[in-house]
Every structure is written in structure tokens, then in C-alpha cells.
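Some notes on the structure that comes next.
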Amino acid sequence: QVQLVESGGGLVQAGGSLRLSCAASRNIFNFHVMGWYRQTPGRQRELVAAITISGSTNYATSLEGRFTISRINANNTVYLQMNSLKPEDTAVYYCTATWLTKSFWGQGTQVTVSS
């Protein structure tokens with residue numbers, strides 16, 4: 001088991017930046033994949049970015065290189081740097097940690113981008 005706590009969400013104008021943080025209650029070195037998903041009302045949760053224990057990353061193609069995921073194992077934290085934010089990035093962002101076939105989720109943090 002692990003508890004994941006997201007922070008850093010909020011209201012930002014289009015073109016601005018935010019950095020989301022996901023703090024884990026235990027050593028994230030055990031989780032071979034950490035990631036960020038987002039969800040808007042009436043839509044399925046979608047992958048934003050993921051990072052493996054070796055540092056390999058995967059991003060949603062729609063992001064066009066605006067977001068960067070990173071993980072600091074020593075701090076048990078995963079980050080999502082979001083730049084050039086657009087109104088369509090408005091969503092609840094969730095952190096996830098995967099160990100073998102089991103995934104754990106945080107409670108989410110709201111990101112709202114105004115036009």
C-alpha cells in the first residue's frame with residue numbers, strides 16, 4: 001500500500017505554468033511506473049505522462065511537448081511541470097503508482113486554466 005498526495009494545482013491564465021507534485025508515503029523506488037492522469041466531467045480518465053524506474057518517459061501526443069514528468073526517488077516525489085497551459089488542460093489531475101499489476105491513485109488536484 002502507498003498513499004499518494006497531489007499538490008500544486010490551482011487557477012492559472014492561459015499561457016502560464018504550474019508544477020504539480022505527488023508525494024508518496026513510502027519509497028517510490030519499488031514502483032516501476034509513476035504517472036499522471038487527468039479527467040474532466042463526463043470523460044474517461046486519460047494518461048498525461050508516465051515515467052519508469054529507469055527514467056524512460058511517455059507522454060500523451062496531444063501535449064505537444066508542453067509538459068515534463070520527473071521523479072526524485074530520494075524524496076519519494078513525482079513532479080509534472082506544465083508550461084504553456086491551455087483552457088483545454090483544465091481537469092482534475094491524478095497521480096498514480098504501479099507495482100507489478102497493481103496501481104494506486106491519489107485523490108487528485110484541480111487545475112483550471114482561464115482563457
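With all protein chains in place and ligands, DNA and RNA left out, the 1.4 Å accessible area ranks ILE28, ILE72 as ILE72, ILE28, largest first. Both radii are taken from the alpha-carbon atoms of the chain; with Rh as the Kirkwood radius, Rg/Rh is 0.95. Normalised size of segment 1-52, defined as Cα radius of gyration per 2.2 N^0.38 Å with N residues, equals 1.33. Rounded to the nearest 20, the size of the Cβ-charge dipole of the chain about its Cα centre is 180 debye, with Lys and Arg at +1 and Asp and Glu at -1. Spread over its residues, the convex hull of the C-alpha atoms of segment 54-115 is 114 Å³ per residue.
Heavy-atom accessible surface of LEU47, to the nearest 10 Å², is about 50 Å², with a 1.4 Å probe and all protein chains retained. Place a point 7 Å from the Cα of GLN3 along the Cα-to-Cβ direction; which residues of segment 15-46 have their backbone N under 14 Å from it? Under 14 Å, as judged by backbone N against the label point of GLN3, lie 23-27 of segment 15-46. Per residue, the chain exposes 53 Å² of solvent-accessible protein surface, assessed with a 1.4 angstrom probe and all protein chains in place.
For the chain, the fraction of 1.4 Å probe accessible surface lying on carbon and sulfur atoms is 49 percent.
The values are calculated or read from the model by the stated rules, or taken from the named source; none is laboratory data. Model, not experiment: these values are computed from the prediction. Backbone-built Cβ (ideal geometry, glycine too); neighbour counts: all protein chains shown. For the accessible areas, the whole protein counts, side chains as well, though only heavy atoms, and no ligand, DNA or RNA atoms are used. Shrake-Rupley method; radii C 1.70, N 1.55, O 1.52, S 1.80 Å.
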